[in-house]
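Scroll down for the structure; my scribbles are underneath it.
The values are calculated or read from the model by the stated rules, or taken from the named source; none is laboratory data. Here the structure is a predicted model, which means the values were calculated and not measured. So basically every Cβ, Gly included, is an ideal-geometry build from the backbone, and we count neighbours across all protein chains shown. Areas reflect the complete protein model, heavy atoms only, side chains present, ligands, DNA and RNA absent. Shrake-Rupley method; radii C 1.70, N 1.55, O 1.52, S 1.80 Å.
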Amino acid sequence: EAQGVVDPQLLERVFAELSEEISRREDLLSERATRWLIQDSTLWEVLPRMRWALWRRQGTSQSAVRLHLSLHVVEDKPQRAKITTGRGCERQAWRENWQPGDAYVGDRYYGEDYRLFAKLQEAGCAYVLRLREQAAIKVLEEIELSQTDRQSGVRRQAWVVLGCKARYRSTRVRLVWVESSKEVLLLVTNQEHHDMPAELVAALYRQRWRIELFFRWIKCILGCRHWLAESSRGVAIEIYLALIAALLLQLYSGRRPNRRMMELIQLYLLGVASTQDLQAGWQRELLRLQKSKAPQP
């Protein structure tokens, strides 16, 4: 019934206001503060009869909905979100959300279009993006590494130009080679090496996995896996409500609830537990988590 009376764009604004409220509580809205956001998307499969979400027509057809998300690195909270069908372009949805002062961390897909680097610079955005191993690289100037950089797994850094054809060529960017347990990562950024040392570039990219944990949390722990509606409007309402719930829970507790905390909330909603039971159980779980993270003597 909500599909006919609730506007998903209104829920999108509510989500944005809640996200800003968390930032205000943590004093993260300073003009000098850099908003480092992890950018990625995730898919939900939908029913075959939901033709509006048809994505792949080759072979077995597949219908899907895609959530494009920017996750705040410091606060570990969703900052911006956009919902499209599965075939929605990730880079296009990302570009529509750019704001001056943003800084993005992204995987290889976002680093494929070298022309975006200049557009990000013009938009006043910083970035740390991964490149594919097959990237065409022309080294312009080597940059010396510090001992700390080398200890962080950085093998090399240099100012480079990317792309073999003039129309696809990038502007002058900084490339950092980082050795991981499996391979060498190619990380490109527009930040000067004296503003962001190579070790920080490597450390920042290592935080990218946190958005994968958030996707898993919202699907598995929060339980946003079963569709209550089959229209595009109804699906958007359900996903935005899940994101709003995630922010409300974070505002209440100061962190993203784990499975045990979500069980307490479910018992409260079922009427099995009182408000006092919920608060007491929540405090016990927070105390347990704090003890588990405390350094052992």
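At-a-glance table
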{"quantity": "The range 246-270, residues that are within 19 Å of the chain's Cα centre (by Cα) and surrounded by 17 or more Cβ atoms within 10 Å (Cβ to Cβ)", "calculated": "ALA246, LEU247, LEU249, GLN250, ARG256, PRO257"}
{"quantity": "Test: GLU90 is acidic (Asp, Glu) and at pLDDT 90 or above", "calculated": "yes"}
{"quantity": "Elements of type strands (runs of 3 or more DSSP E) contained in the range 36-134, each with 3 or more residues being within 14 Å of the chain's Cα centre (by Cα)", "calculated": "62-72, 77-85, 102-106, 126-131"}
{"quantity": "Any hit, the range 199-208, residues being open to solvent by 20 Å² or more (accessible area, probe 1.4 Å), touching a Leu at 6+ places or on another chain (Cβ under 7 Å) and within 30 Å of ALA53 (Cα to Cα)", "calculated": "no"}
{"quantity": "Condition check for ALA242: in a helix (DSSP H, G or I) and surrounded by 13 or more Cβ atoms within 10 Å (Cβ to Cβ)", "calculated": "yes"}
{"quantity": "Output for the range 273-283, where each listed residue is surrounded by 10 or more Cβ atoms within 10 Å (Cβ to Cβ) and either touching a helix residue (DSSP H, G or I) at 6+ places or on another chain (Cβ under 9 Å) or of a type in the set (S, T, N, Q) (or both)", "calculated": "ALA273, SER274, ASP277, LEU278, GLN279, GLY281, TRP282, GLN283"}
{"quantity": "Elements of type strands (runs of 3 or more DSSP E) in the range 142-234, at least 1 residues being among the acidic types (Asp, Glu) and modelled with pLDDT of 90 or more", "calculated": "173-179"}
